[in-house]
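The values are calculated or read from the model by the stated rules, or taken from the named source; none is laboratory data. Small disclaimer: the values here were computed from a predicted structure and weren't measured. Here the Cβ is made from the backbone with ideal geometry for all residues, glycine too, and neighbour counts use every protein chain on show.
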Amino acid sequence: MTITNPFTAHVDLGSGQIDPPAGPLVSRYLRDMEGMYQLPIPNPDRLVYDVHYLDTPTSSSDLSACTTILYPGRVGDEFHMTKGHFHAVRDRAEFYFTLSGEGRLLLALEDGGHETLDMRPGTANYIPGHWGHRSVNVGDDPLVFFAVFIADAGYDYATIESRGFPLIVQADGDHVTLAPNPRYSPVDPLP
Ligand code: M6P
Ligand code: ZN
């Protein structure tokens, strides 16, 4: 049995920066999201979001945590979003706590059932096991949120890369609209 030392990290509520910097930093660009937006990617080098991980153990009895900074912007009318994933270990749950900005959390089951939750400073969104999740920045400022999840959850990106997500989130003038994703397929497309 390994016993980990307790620790405190400071998370800047505005920027999401973790001090002291600990685990890996993952940066995602539009080039990492080819085919996920309705329109072709306009600028492959555009930074869409950063994820700062805390350095914690990864067994099924541990918790992992990270902050995501999802920068404002659009591809056509579609707001910037994360790639989205199911957990590789499907029943693993997660919490999102929004620190700043305004977003929507899209949730989907593999059978296509879906839900949408609001994200704004102070919201704690519970993501039960089996729900795929993608966050969308619908505001003009960075959307910053702190995520905590069971540490052996793992990432299944392939399901959403091949099927898409049931909903898209778009700007319609000053309004935020949700619409069915015309490119969504509840089953994997034939090769
Ligand atoms: C949240 C958590 C992370 C995830 C990040 C970015 O912080 O769910 O585990 O990595 O969002 O989302 P994605 O992995 O879908 O790109
Ligand atoms: Zn997750």
Residues that are within 15 Å of ligand 2 (Cβ to nearest atom) and among the charged types (D, E, K, R): does the stretch 106-114 have at least one? yes
Val26 versus (1) closer than 26 Å to Val136 by Cβ; (2) out of contact with any strand residue (DSSP E or B) (no Cβ under 6 Å at 6 or more places or on another chain): which is the lone unmet condition? (2)
Quick check on Leu99: is it outside any loop (DSSP other than H, G, I, E, B), over 19 Å from His52 (Cβ atoms) and in contact (Cβ under 8 Å) with a residue 12 or more places away in the chain? no
Cβ-Cβ under 6 Å, sequence separation 6+ or interchain: first residue in the stretch 1-14 and free of Cβ contacts under 8 Å to residues at least 40 places away in the same chain, partner among the hydrophobic types (A, V, I, L, M, F, W, C). Which pairs? none
Pairs, first farther than 24 Å from Ala151 by Cα and among the aromatic types (Phe, Trp, Tyr) in the stretch 20-39, second modelled with pLDDT under 95 and surrounded by fewer than 16 Cβ atoms within 10 Å (Cβ to Cβ), C-beta under 8 Å, six or more apart: none
Within 11 Å of ligand 1 (Cβ to nearest atom), over 11 Å from the mean Cα position of the chain (by Cα) and small (Gly, Ala, Ser) - does that describe any residue in the stretch 131-139? no
Those residues of the stretch 41-70 which are over 14 Å from Asp152 (Cα atoms) and surrounded by fewer than 17 Cβ atoms within 10 Å (Cβ to Cβ) amount to Pro42, Asn43, Pro44, Asp45, Arg46, Leu47
Among the residues of the stretch 116-157, count how many are under 18 Å from Gln170 (Cβ atoms), in contact with a strand residue (DSSP E or B) (Cβ under 9 Å, 6 or more places away or on another chain), more than 15 Å from ligand 2 (Cβ to nearest atom) and not hydrophobic (A, V, I, L, M, F, W, C). 4
Could you grab me the full set of residues in the stretch 91-111 that are surrounded by fewer than 16 Cβ atoms within 10 Å (Cβ to Cβ) and touching a helix residue (DSSP H, G or I) at 6+ places or on another chain (Cβ under 9 Å)? Glu110
Single unsatisfied condition, Glu161 versus (1) within 16 Å of ligand 1 (Cβ to nearest atom); (2) surrounded by 17 or more Cβ atoms within 10 Å (Cβ to Cβ): (2)
